[in-house]
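Accompanying notes for the structure given below.
The values are calculated or read from the model by the stated rules, or taken from the named source; none is laboratory data. Predicted model, so just to flag it, every value in this text is computed and none were measured. Here Cβ is always computed from backbone atoms with ideal geometry, including for glycine, and neighbour counts include all displayed protein chains. Ligands, DNA and RNA are stripped out before the accessible areas are found, and what is left, the full protein with its side chains, is counted by its heavy atoms. Shrake-Rupley method; radii C 1.70, N 1.55, O 1.52, S 1.80 Å.
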Amino acid sequence: MAVVVMGVSGCGKTTFARQLADAIGGAFIEADDYHSDASIEKMRSGRALDDDDREPWLRAVAEAAADSDETPVVACSALKRSYRDILRAGTPAVFLHLDVPVDVVRSRVRGRGGHFFSESLVASQFETLEPLGPDEDGVTLDATRSLPELLDTARAYLEGPSR
């Protein structure tokens, strides 16, 4: 089963997913590594990706997760249910949604250097975000909490009786 750490850009997916993968002995997968050059340039120029841009990217991420020999821990925005459907098509997945207020995300995106994601796209991320549905396997976590608290909460969820 894949563990997908999801949320808007700047919510802390990469940091959290990397540490969670280490904590559970999984394989970290950074979805950003699977974007096409054209998509990266589009975001760098302040233009949001559309579903046509995202579909091949999501399929490549899903394939990487399905091919992993260890539990894949994927850092991927997975903003819409349809995107999550693509990710879970290749392998069952549980979603950990890192929820952060927009002002915190703007500050985080503004403060990180060298990343292709433009601060002007933050609003579009929140507009696109569809929260997890009650029938989706996953949980929403308050990502303003400390990293150790988040890791403990996620591990407890992943190790819970429904797993």
Which FRET efficiency value, to the nearest 0.05, do you get for residue 102 and residue 1 by plugging their Cβ-Cβ distance into 1/(1 + (r/R0)^6) with R0 = 35 Å? 0.70
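Over segment 23-81, with the other protein chains present, what is the accessible area per residue in square angstrom, probe 1.4 angstrom? Walk me through the numbers on the way to the answer.
Working: 2910 Å² over 59 residues.
Roughly 49 Å² per residue, with all protein chains present.
Please state the relative contact order of the chain as a whole percent: Cα pairs under 8 Å, 6+ residues apart? List each step's numbers first, then the result.
Numbers: 253 pairs, mean separation 55.7, N = 163.
Here the relative contact order equals 34 percent.
What dipole magnitude, in Debye to the nearest 20, does segment 14-145 give about its Cα centre under +1 on Lys/Arg Cβ and -1 on Asp/Glu Cβ?
Values: 15 positive and 25 negative charges, 111 e Å.
Dipole magnitude for segment 14-145 comes out near 540 debye.
How large is the helix-only mean residue ellipticity at 222 nm for the chain, computed as the sum of -39500 (n - 2.57) over DSSP H runs with n ≥ 4, divided by its residue count, in deg cm²/dmol to the nearest 500? Mind dumping the intermediate values first?
Numbers: 7 runs with 76 residues, N = 163.
Only helices count here, giving -14000 deg cm²/dmol.
Longest exposed-loop-site-free stretch of the chain, with GluC sites (Glu not before Pro), DSSP loop and at most 12 other Cβ within 10 Å?
Values: sites that count: 70, 159.
That would be 71-158.
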